[in-house]
Amino acid sequence: TQLLEQSPQFLSIQEGENLTVYCNSSSVFSSLQWYRQEPGEGPVLLVTVVTGGEVKKLKRLTFQFGDARKDSSLHITAAQPGDTGLYLCAGAPNFGNEKLTFGTGTRLTIIP
Amino acid sequence: NAGVTQTPKFRVLKTGQSMTLLCAQDMNHEYMYWYRQDPGMGLRLIHYSVGEGTTAKGEVPDGYNVSRLKKQNFLLGLESAAPSQTSVYFCASSDGFQPQHFGDGTRLSIL
């Protein structure tokens with residue numbers, strides 16, 4: 001089983017600050033996804049990265065896939081209360097997205 | 001367009017009871033999945049299906065059974081519920097080459 005470790009597990013910061021969340025594995029993934037989950041709801045896809053070294057931006061969120069495709073990071077600039085939620089990374093071992101391996105999650109709280 | 005719908009949303013069972021969780025998707029997806037989510041452990045795959053009439057075991061299949069008699073429905077069964085099966089259960093679907101779409105979950109407590 002391929003494992004994905006996320007850090008930190010919990011993060012609480014003030015509105016306007018910057019933060020980075022990490023997703024690490026000893027295994028190689030063909031692609032990696034980031035999800036955000038709010039209480040009482042299912043995960044919602046934010047982005048998919050497929051190429052080693054790839055950087056994708058989604059407004060104030062910047063996602064990076066490691067050169068070796070074993071790790072990824074999510075950087076949020078000027079965090080807003082609406083960014084609060086559980087962030088999950090998920091890796092696909094083969095082409096396509098079936099049988100994703102999910103990370104342990106980072107619970108982010110943005111304090112107004 | 002409802003996407004992925006799970007029923008029920010909440011359920012409390014006594015140890016040893018049985019129940020079935022229903023997942024329905026209206027996106028004509030071939031692939032469907034059942035996950036459980038526990039604190040500090042992310043989502044773990046229980047069973048999945050790559051098409052109507054097919055099922056396969058995931059990471060944590062023990063104590064669960066599934067059926068995919070119709071393409072749009074994926075059922076998860078607990079034959080004899082145990083307290084260790086207390087969790088939040090999520091169903092997801094995909095066409096295999098697109099990101100997975102999740103339902104809003106079923107919160108299940110086993111007393």
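Coordinate-derived values only; no laboratory data. Computed from a prediction, not measured in an experiment: that's the story for all the values here. Every residue, glycine as well, gets a Cβ built from its backbone with ideal geometry; the counts of neighbours run over all protein chains shown.
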| query | At B:Lys14 and A:Arg60, where each label point lies 7 Å from the Cα along Cα→Cβ, what is the point-to-point distance in nanometres? | reply | 5.1
| Net dipole in debye of the protein assembly as shown [+1 Lys, Arg Cβ; -1 Asp, Glu Cβ; about Cα centre; nearest 20] | 260
| query | With chain B treated as a Gaussian network of Cα nodes joined by springs under 10 Å, which of B:Thr55, B:Thr15, B:Thr86 yields the largest mean-square fluctuation? | reply | B:Thr15
| said: Suppose each label sits 7 Å from its Cα in the direction of the beta carbon; what would the B:Glu59-A:Gln80 distance come out to in nanometres? | reply: 3.2
| message | Around A:Gly103, under 11 Å between beta carbons, what's the net of Lys plus Arg minus Asp minus Glu among the other residues? | response | -2
| query | In the Gaussian network model of chain A, springs joining C-alpha atoms below 10 Å, which of A:Lys70, A:Lys56, A:Lys99 carries the largest mean-square fluctuation? | reply | A:Lys99
| query | Can you give the Rg to Rh ratio of the protein assembly as shown, both from alpha-carbon atoms, with Rh computed by the Kirkwood formula? | reply | 0.98
| query | Counting other Cβ atoms within 10 Å of each Cβ, which GluC sites (Glu not before Pro) in the stretch B:4-111 have at most 14 and sit in a DSSP loop? | reply | B:Glu52, B:Glu79
| query | Quick one: if you stick a label point 7 Å off each Cα along the C-beta vector at B:Arg107 and B:Thr86, how many nm between them? | reply | 1.3
| field | Isotropic mean projected area of the C-alpha convex hull, chain A (nm²) | value | 6.5
| message | For a distance above 25 Å, tell me the whole-number percent of Cα pairs in chain B that qualify. | response | 14
| message | Test of understanding: what is the full-extension gain from A:Asp67 to A:Ser27, defined as 0.36 nm times their sequence separation minus their Cα-Cα distance? | response | 13.1 nm
| field | Antiparallel content of DSSP bridges confined to chain A, in %, to 5 | value | 90
| A:Thr51: net charge of surrounding residues, Cβ under 12 Å, Lys/Arg +1, Asp/Glu -1, itself excluded? | 0
| Any idea what Rg and Dmax come out to for the stretch B:21-78 if you just take the C-alpha atoms, in Å? | 11.2, 34
| query | Given A:Lys59/B:Lys70; A:Lys56/B:Lys71; B:Lys9/B:Lys71; A:Lys70/B:Lys70; A:Lys56/A:Lys99, which pairs have Cα atoms separated by over 29 Å? | reply | A:Lys59/B:Lys70; A:Lys56/B:Lys71; A:Lys70/B:Lys70
| For the stretch B:5-46 and the stretch A:7-67, what is the separation of their C-alpha centers, rounded to whole Å? | 25
